[in-house]
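Have a look at the structure below before the remarks.
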Amino acid sequence: MAACLAYFGNPANMAFCIACFIRDTAGSLGLQSTETVQYARPEIMGLVLGAFIISVVTKEYRSTAGSSPMIRFVLGMILTIGSLVFLGCPLRMIIRMSAGDLNAWIALIGFALGVGTGVIALKKGFSLGREHLTNRMNGTILPILMLGILVLAFTTTLLKSSESGPGSMHAPILLSLAGGLIFGALAQKSRMCFAGSIRNVILTKNFDLLTVIGSLFAVMLIYNIATGNFVPAFDTPGVIAHSEHLWNILGMYTVGFAAVLAGGCPLRQLILAGQGSSDSAVAVIGMFAGTALAHNLGLAASGTALDAQTQEVVSGSVPLNGKAAVVICIIICFVIAFGNKNKEAL
């Protein structure tokens, strides 16, 4: 589905990016005002609804809620702020790696280190509390909200839509929705989680989730080679990436760290929210807030591009605000991780 969506119009070397697509959807709702990244991405709504539908059909739907909602909200914000400094979520990192983007390979180091730091916190007793069963309707709120956005996108002109830039590049709406639904259903059944795959290898030497991620990489690598999109390089115009290596590493370190604390990467949060987890739904709302904040306050990085007039390559970069935000996010993660231990584990 990722290869298909890339072929039919989604931004180059993006195909399917949770953070970027949530940012675009937030822009379509007017939550952020960057005109080039505003479009209600059907893939996001499809992921939640696909997970919801398959979990109901297979009787895995559970309306649950736990504790620490504000911490989960903040972790959701951190997930997307770190992603937009790197310019992609863990899913897009793998897709960029498969297209030869060496920046993504550098960022993988930071992501793995971030997950490793989160694992240390788990071993030290970190916990946000266990989920418990709650009112069945409670778990349907986020899927209903996503359905509402989808209806607005299909039937009205109320939502904003970019006329240029990444927000103007998208596959046909029905194909995007179908891709989201299928991807959501498969991700729910496979338990796909980028942070979880590395976490499980470290904690239990379990490679099951890692094989799912490896399969995604292999398919996208074949697609990129076959279509001539495999370009091993650092500064590639049009890829929507930058080569500030330290901030690629720290951006994804932040995402990996926060993902372990929150119980899943951005994709996994959407899937869990679809199958009834209010904890993950709070994190998803936090991700929407984080993308809006990143663009309204100038935290997001810019990608390497060709100057329209001179045709010279202009290197992408991370603004000072973004660098400061990443440092603050890392500090917050450490405070949450090592100041919120499970008393039972102690």
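Annotations
- Candidates THR64, THR134, THR117, THR58 - the one that is among the polar types (S, T, N, Q) and under 21 Å from the mean Cα position of the chain (by Cα): THR117
- Scan of the range 149-172 for residues that are more than 20 Å from the chain's Cα centre (by Cα) and either among the hydrophobic types (A, V, I, L, M, F, W, C) or under 18 Å from GLY276 (Cβ atoms) (or both), ordered by number: VAL151, LEU152, ALA153, PHE154, LEU158, LEU159
- Residue satisfying all of: in the range 192-217; more than 20 Å from the chain's Cα centre (by Cα) and without any contact (Cβ under 8 Å) to a residue 60 or more places away in the chain; least open to solvent (accessible area, probe 1.4 Å) among these: VAL201
- Each residue in the range 150-168 was checked for being open to solvent by less than 80 Å² (accessible area, probe 1.4 Å) and in contact (Cβ under 8 Å) with a residue 60 or more places away in the chain, and 11 of them qualify.
- In the set LEU186, LEU181, only one residue is within 25 Å of GLY9 (Cα to Cα) and open to solvent by less than 60 Å² (accessible area, probe 1.4 Å); that residue is LEU181.
- Residues (at pLDDT 85 or above, under 19 Å from ALA241 (Cβ atoms) and not β-branched (Val, Ile, Thr)) located in the range 299-320: LEU299, ALA300, ALA301, SER302, SER317, PRO319
- Positions within the range 1-48 being among the aromatic types (Phe, Trp, Tyr) and open to solvent by less than 20 Å² (accessible area, probe 1.4 Å), in sequence order: PHE16, PHE21
- The condition of being in a helix (DSSP H, G or I), of a type in the set (Gly, Ala, Ser) and over 30 Å from VAL326 (Cα atoms) holds for only one of GLY214, GLY179, that being GLY179.
- Candidates in the range 67-76 are the residues that are outside any loop (DSSP other than H, G, I, E, B) and open to solvent by less than 40 Å² (accessible area, probe 1.4 Å); of these, the one that is nearest to ARG130 (Cα to Cα) is ARG72.
The values are calculated or read from the model by the stated rules, or taken from the named source; none is laboratory data. Here the structure is a predicted model, which means the values were calculated and not measured. Because the Cβ atoms are built from the backbone with ideal geometry, glycine has one as well, and the counts that use them run over all protein chains shown. Quick note on the areas: whole protein, heavy atoms, side chains included, nothing else; ligands and nucleic acids left out. Shrake-Rupley method; radii C 1.70, N 1.55, O 1.52, S 1.80 Å.
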